[in-house]
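**Q** Here it is, the structure in full.
The values are calculated or read from the model by the stated rules, or taken from the named source; none is laboratory data. The shown structure was predicted, so the numbers you read here are calculated from the model rather than taken from an experiment. So basically every Cβ, Gly included, is an ideal-geometry build from the backbone, and we count neighbours across all protein chains shown. Calculation scope for accessible area: heavy atoms of the full protein, side chains included, ligands and nucleic acids excluded. Shrake-Rupley method; radii C 1.70, N 1.55, O 1.52, S 1.80 Å.
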Amino acid sequence: LLSSVSTIYGIRVRRPIALDPQEPVMTIKTTYEKLQGAPVSVAVWSITQVVAPERAFILLPKQSAFPHGYVNMLPEQPKELKSDGRLLSLVRDPQKNTMIGSDGDTLFSVGQNSDLLIENKTPVLPGSKVEWPDHGLHSKIFTSGNDLKYMELEIFSPLSLLKPSHNISMESSYTLIPRTEHDPMREAKKVFASDLK
């Protein structure tokens, strides 16, 4: 996919989409290409809208920069917000919009029959000095409080100062997983078993 050039930022978006021939995995590389205009500081931002799952999770880093692993982005507190070790989770509030941000790079939604695992595959070297958008956010989860009944699972790249002829990229993968556990937390712990050791 190739967008038109933004008249505001002088950037176009290029997105090759690949399906794994053997596994239920989709990979997307999103590249912002700066073609014209003054330098601008931007981060690649990918939003995935899903029918509201039973529960959505963020896999937090071993040491989160945020006291509780997240920041609240809207006035209302998310419904049934839970923290279990490195797993931060919530459900959709049918009456109110909610949003949290975190420094986790992996999102997970537990649906009725299948799960969706979203991973930011863009390498960032440990200890490297990078700046993330919104004071350190790597991801967000938005829940809609209306009849549309959806969530948005969002991931970011670090910020980069783009000048003409420069570009930045973020690679993300989307894996469908058959649901096997009745309890969403048990399902998440099963999927993330190797990360939680």
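**Q** When you check V25 against the structure, is it open to solvent by 20 Å² or more (accessible area, probe 1.4 Å), free of Cβ contacts under 8 Å to residues at least 60 places away in the same chain and of a type in the set (A, V, I, L, M), yes or no?
**A** Values: open to solvent by 20 Å² or more (accessible area, probe 1.4 Å): yes; free of Cβ contacts under 8 Å to residues at least 60 places away in the same chain: no; of a type in the set (A, V, I, L, M): yes.
Considered against the rule, which asks whether it is open to solvent by 20 Å² or more (accessible area, probe 1.4 Å), free of Cβ contacts under 8 Å to residues at least 60 places away in the same chain and of a type in the set (A, V, I, L, M), V25 comes out as no.
**Q** If you don't mind, there's one more thing I want to ask. Given (1) exposed (fewer than 12 other Cβ atoms within 10 Å of the Cβ); (2) modelled with pLDDT of 95 or more, where does Q63 come up short, assuming only one miss?
**A** (2)
**Q** Being open to solvent by less than 60 Å² (accessible area, probe 1.4 Å), touching a helix residue (DSSP H, G or I) at 6+ places or on another chain (Cβ under 9 Å) and either among the hydrophobic types (A, V, I, L, M, F, W, C) or farther than 17 Å from V191 by Cβ (or both) is the filter here; which residues of region 66-90 pass it?
**A** F66, V71, L87
**Q** Would it be correct to say that S6 is open to solvent by 30 Å² or more (accessible area, probe 1.4 Å), at pLDDT 95 or above and in a loop (DSSP other than H, G, I, E, B)?
**A** Values: open to solvent by 30 Å² or more (accessible area, probe 1.4 Å): yes; at pLDDT 95 or above: yes; in a loop (DSSP other than H, G, I, E, B): yes.
Taking the combined requirement at face value, the residue satisfies it.
**Q** Among the residues of region 32-49, are any open to solvent by less than 50 Å² (accessible area, probe 1.4 Å) and without any contact (Cβ under 8 Å) to a residue 24 or more places away in the chain?
**A** Checked region 32-49: no residue is open to solvent by less than 50 Å² (accessible area, probe 1.4 Å) and without any contact (Cβ under 8 Å) to a residue 24 or more places away in the chain.
**Q** Still on this structure, I have one more. With E154, E187 as the choices, which residue is surrounded by 14 or more Cβ atoms within 10 Å (Cβ to Cβ), charged (D, E, K, R), within 30 Å of K34 (Cα to Cα) and in contact with a strand residue (DSSP E or B) (Cβ under 9 Å, 6 or more places away or on another chain)?
**A** E154
**Q** Please go through (1) under 25 Å from E187 (Cβ atoms); (2) basic (K, R); (3) surrounded by 15 or more Cβ atoms within 10 Å (Cβ to Cβ) for R12 and return the number of the only condition it doesn't satisfy.
**A** (1)
**Q** How about region 79-95: which of its residues are within 17 Å of the chain's Cα centre (by Cα) and in contact (Cβ under 8 Å) with a residue 60 or more places away in the chain?
**A** Those that are within 17 Å of the chain's Cα centre (by Cα) and in contact (Cβ under 8 Å) with a residue 60 or more places away in the chain: R86, L87, S89.
**Q** Read through the list (1) assigned to a loop (DSSP other than H, G, I, E, B); (2) modelled with pLDDT of 95 or more; (3) over 26 Å from D147 (Cα atoms), then give the number of the only condition that P53 fails.
**A** Among (1) assigned to a loop (DSSP other than H, G, I, E, B); (2) modelled with pLDDT of 95 or more; (3) over 26 Å from D147 (Cα atoms), P53 violates only (3).
**Q** While we're looking at this one, here's another question. State all residues of region 10-45 that are of a type in the set (V, I, T) and in a loop (DSSP other than H, G, I, E, B); if no residue qualifies, say none.
**A** V44
**Q** While we're on this one: Would you confirm, using the coordinates I've provided, whether L161 is exposed (fewer than 15 other Cβ atoms within 10 Å of the Cβ) and more than 15 Å from P53 (Cα to Cα)?
**A** yes
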